[in-house]
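Just so it is clear, none of the values below were taken in a lab; they were calculated from the coordinates. Just so we're clear, the structure is a prediction, and the values are computed from it rather than from any experiment. Virtual Cβ from ideal backbone geometry, glycine too; neighbours counted across all protein chains shown.
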Amino acid sequence: MKGQILDYSVQTNSGVISGDDQNRYHFSGSQWRSQGAPIRGQKVDFDIDGTGQASEIYGVAGAAPFPGQVGEKNRIVAAILAFFLGGFGVHKFYLGRIGWGVLYLVFFWTFIPSIVAFVEFIIYLCTSDEDFARKYG
């Protein structure tokens, strides 16, 4: 059966899939058969065991979890943050680059981080979703 991951928790190693039949199926991370961790919104192919749980779960190749997003970070959000709040390094904090974000905060009064952030804004918009996800997750 085909479906989409509604939720997955690394802490409990469990999640919920919405099947194409409009039913919800709980699953354990031990049933995940694809590379990488399950991602919310990811399209999957799975079986249903005797207890009504999802089993033998495979991610469907080439199916992005959300339009415009491949990884956990969205490049459009990063671009907007770089454009409006880039001088303070907010986009760097969003992308998990804490050290760079602190550096931007320390030197924001020089306006150099604002110029660099504008260049990064353009780079984020010109980067493909796959390349952005590969670099930032």
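Structure summary
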{"quantity": "FRET efficiency, 1/(1 + (r/R0)^6) with R0 41 Å, evaluated for Thr51 and Phe118 via beta carbons", "calculated": "0.15"}
{"quantity": "Farthest positive-ward along the range 2-59 dipole, Cα basis, beta-carbon charges - from Gln42, Gln22, Ser55", "calculated": "Gln42"}
{"quantity": "Area projected by the alpha carbon convex hull of the chain, averaged over all directions, nm²", "calculated": "9.3 nm²"}
{"quantity": "Segment Thr12-Asp131, length gained on full extension (0.36 nm per residue, minus Cα span)", "calculated": "39.8 nm"}
{"quantity": "More than 16 Å apart - percent of Cα-Cα pairs taken over the range 75-136", "calculated": "36 percent"}
{"quantity": "Those chymotrypsin sites (Phe, Trp or Tyr not before Pro) in the range 67-137 that DSSP places in a loop and that have at most 11 other beta carbons within 10 Å", "calculated": "Phe111"}
{"quantity": "If the convex hull is drawn through the Cα atoms of the range 2-59, its volume per residue in Å³", "calculated": "66 Å³"}
{"quantity": "Note, ³J(HN,Hα) from phi for the range 74-86, Karplus 6.51, -1.76, 1.60, rounded to Hz, x at Gly and Pro", "calculated": "9, 5, 5, 4, 4, 5, 5, 5, 5, 5, 8, 10, x"}
{"quantity": "Over the chain: helical MRE at 222 nm, DSSP H runs n ≥ 4 each giving -39500 (n - 2.57), nearest 500", "calculated": "-10000 deg cm²/dmol"}
